[in-house]
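> My questions all concern the structure below.
Here, each number is a calculation from the coordinates, and none is a lab measurement. What you see is a predicted model; the values in this text were computed from it and never measured. Neighbour counts are summed over all protein chains in view; Cβ atoms, including those assigned to glycine, are modelled from backbone coordinates with ideal geometry.
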């Protein structure tokens, strides 16, 4: 039985789980991917992440590390012989962290809202998502400084943070019949998205949109069929 | 080269106080600009157009926003008196709990102290569960950072000071000595550190502000 010092607990559709996997790929680190069963949480998960009981968890030796972006920074700090995920300049690092936090707090909330909203609400969330993408387009211009990625020549922290949502972004486009990444409005991001998805560190872990669409339908059905909350 | 460090903050905000605490711990001189959050200055809107919030640190004209991002920037820029360990696992741990405080504890504490009566018991229980995690994390350490104040201690300033003030303002009881002896000890140690003490908003003023803002302390419990 193969024994690996590095394990990732996760689920293939999750953008958060993609993040440490991309980071480990960048560093050429072998790891065991332990897939959680949809709808239930393994003993290992509950033990390794008692606070949030969520994936991803990185288990390095016997140490669990939780929260996807914290895991990415950990990976960058431990495996220093591989390409750097964060830039070396403190200000550039702060900008990457700022936008990564924005993606997780504001942008994701808007995307999530859009997926489940109805009628009037839907338009409001769509506006938020569009606004967010405009901000990220601008950020891309500033961070990339004409290069391929937010991180420059190579994928960095912010590429990972935002790029991991591209699969679900495509699903949202299909389900809502809208174009979110648009050659006219977000030309930089459109090209960046292609490059990101084609990158060797990303390709093997980015789920196919069709498969995500199926998951999306299952989740939507589950939400509709969910029993009313108890009072 | 002359260095210019500006901090845009609000006197009562634990978030902008975090930034000041870190700068003070490292002995960095800065100019503080008080913002009226009901009437934000053009400078603030210029430096933080995305969130339009305090705190913002401006270092030689370059703005950094989001208190935890700012703390890391401060630690990486001014290397004396580090607030994060060099060990990656300890760093990840400190970051994890800082995030936990901001994402989970804050709203739970508010609900527990200010929530409506019928939800009160439940909110108190939930907040207590969260605080228990931090109580356990402290173990036998003097500070979350070990022998010296670290990033997590600074992030936990809400628990170290603001929580006690909120309890007094609202009459709620959450951080009790019997349930959380370690956290209570830590809070005392924390507010005694001079770089921290100098950066706490005056207690009476904060109580009055909270009572006014949240409309508490006027009903009998």
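> Across peptide A:87-94, how many C-beta atoms of other chains are within 10 Å of each residue C-beta, on average?
Values: counts 0, 1, 2, 9, 8, 0, 6, 14.
That average works out to 5.
> Of A:78, A:129, how do they rank once you tally other Cβ atoms within 10 Å and put the fewest first?
Ranked by crowding around the Cβ, least crowded first: A:78, A:129.
> When a/c is below 1.5 the answer is rounded, else prolate if a/b is larger than b/c, else oblate, so apply that to the stretch A:72-143 with a ≥ b ≥ c taken from the square roots of the Cα gyration tensor eigenvalues.
Details: a/c = 4.09, a/b = 2.27, b/c = 1.80.
In terms of gyration-tensor shape, prolate.
> Work out the mean other chain Cβ neighbour count within 10 Å for the residues of A:13-21 and drop it here as an integer.
Values: counts 0, 0, 0, 0, 0, 0, 0, 0, 0.
Neighbouring Cβ atoms belonging to other protein chains average 0 per residue here.
> Could you check the simple spin-label distance between residue B:214 and residue B:188, using points 7 Å along Cα→Cβ, in nm with one decimal?
Each label point lies 7 Å from its Cα, and together they span 2.4 nm.
> A further question follows. For chain A, what relative contact order do you get, as a whole percent, if you take Cα pairs closer than 8 Å and at least 6 residues apart?
Reported relative contact order: 20 percent.
> Note the angle between two axes, namely the Cα long axis of helix B:181-192 and the longest principal axis of the Cα atoms of chain B, as a number of degrees from 0 to 90, rounded to the nearest 10.
Approximately 40 degrees, to the nearest 10.
> If each of residue B:51 and residue B:86 carries a label point 7 Å out from its Cα toward its Cβ, how far apart are those two points in nm?
3.1 nm
> In addition: Rounded to the nearest Å, what's the spacing between the alpha carbon centres of the stretch A:158-231 and the stretch B:111-165? Just the number, please.
Result: 36 Å between the Cα centres.
> Please rank B:144, A:33, fewest neighbouring Cβ atoms within 10 Å first, as an exposure proxy.
Numbers: B:144 24, A:33 16.
The most exposed by this proxy come first: A:33, B:144.
> With r defined as the distance between the Cβ atoms of residue B:119 and residue B:31 and R0 fixed at 56 Å, what FRET efficiency is calculated, to the nearest 0.05?
For residue B:119 and residue B:31, the calculated efficiency is 0.85.
> Still on this model: For the pair residue B:41 and residue B:3, how long in nm is the line joining their label points, each one 7 Å along Cα→Cβ?
2.1 nm
> As a footprinting exposure proxy, order A:175, A:72, A:205 by other Cβ within 10 Å, with the fewest listed first.
A:175, A:205, A:72
> Anyone know which of A:119, A:61, A:163 comes out most mobile in the 10 Å Cα GNM of chain A?
Between A:119, A:61, A:163, it is A:119 that shows the largest mean-square fluctuation.
> In addition: With a ≥ b ≥ c taken as the square roots of the eigenvalues of the C-alpha gyration tensor of the protein assembly as shown, please select rounded if a/c is under 1.5 and otherwise prolate if a/b is larger than b/c or oblate if it is not?
It comes out rounded by the Cα gyration axes.
> Just B:27, B:12, B:164 to compare: in a GNM of chain B, with alpha carbon springs under 10 Å, which one fluctuates most?
B:27
> Return the whole-Å distance between the Cα centroid of the stretch B:31-94 and the Cα centroid of the stretch A:23-81.
28 Å
> Working out 0.36 nm times the residue gap between residue A:118 and residue A:174, then minus their Cα-Cα distance, what length gain in nm do you get to one decimal?
Roughly 18.6 nm would be gained on extension.
> For chain A, what does the alpha-carbon gyration tensor say about shape, rounded, prolate or oblate, given a ≥ b ≥ c as the root eigenvalues, a/c under 1.5 as rounded, and a/b over b/c as prolate?
It comes out oblate by the Cα gyration axes.
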